[in-house]
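Report on the structure given below.
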Amino acid sequence: DSYKEISCVEYQRIRKSGAQHILLDVRVPRQYEMCSLDGSINIPFEHLVDDENLDKIEASSNGKLPIYCLCRRGIFSVAATKRMDEVIAEGRRKGIHSVYNIKGGLTAWAKEVDGSFPQY
């Protein structure tokens, strides 16, 4: 069960560097609407691998951009990272190539990166 992950601090470096990427927030819309990181795309975990959502991710990634998965505490984002890895392994989505979990989710983000980020 191997998957790639980075810390919130490492992810903040990526954001600050301006490196293009996709931030995929896999929480339910109600949670996403309460608070989210700028530039994120909300696709709830339960709908992650619906064809229309994979189309959206693939179009955004354009076969080049890495994808970072995020949720509240880093549990659903691990599941999302693994599920996306399965999609890649199946070989049916050439536009999706590298997926990372952001460890600890938004809870860790608030503790380690941005103390003003709302928690719920």
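N62 satisfies every condition listed in (1) of a type in the set (S, T, N, Q); (2) open to solvent by 10 Å² or more (accessible area, probe 1.4 Å); (3) on the phi < 0 side of the Ramachandran plot except (3).
Could you tell me which residue of region 73-120 is modelled with the lowest pLDDT, considering only residues that are aromatic (F, W, Y) and more than 18 Å from G63 (Cα to Cα)? It comes out as Y120. Search region 81-97 for residues being assigned to a loop (DSSP other than H, G, I, E, B) and within 15 Å of the chain's Cα centre (by Cα), and hand back the single one that is surrounded by the fewest Cβ atoms within 10 Å (Cβ to Cβ). Only one residue fits best here, namely H97. Cβ-Cβ below 6 Å, separation at least six or inter-chain, first residue in region 73-87 and under 19 Å from P118 (Cβ atoms), second hydrophobic (A, V, I, L, M, F, W, C): which pairs? Close Cβ pairs satisfying both conditions: F76/V26; F76/F45; S77/V26; S77/C69; S77/L70; S77/C71. Among the criteria (1) open to solvent by less than 70 Å² (accessible area, probe 1.4 Å); (2) on the phi < 0 side of the Ramachandran plot, the one D55 does not fulfil is (1). Of L37, L70, which residue is more than 22 Å from Y3 (Cα to Cα), of a type outside the set (K, R), open to solvent by less than 20 Å² (accessible area, probe 1.4 Å) and in contact (Cβ under 8 Å) with a residue 12 or more places away in the chain? Answer to the check: L37.
The values are calculated or read from the model by the stated rules, or taken from the named source; none is laboratory data. What you see is a predicted model, and the numbers here were worked out from it, not measured in a lab. Counting neighbours? That spans all protein chains shown, and the Cβs are built from the backbone with ideal geometry, glycine included. Quick note on the areas: whole protein, heavy atoms, side chains included, nothing else; ligands and nucleic acids left out. Shrake-Rupley method; radii C 1.70, N 1.55, O 1.52, S 1.80 Å.
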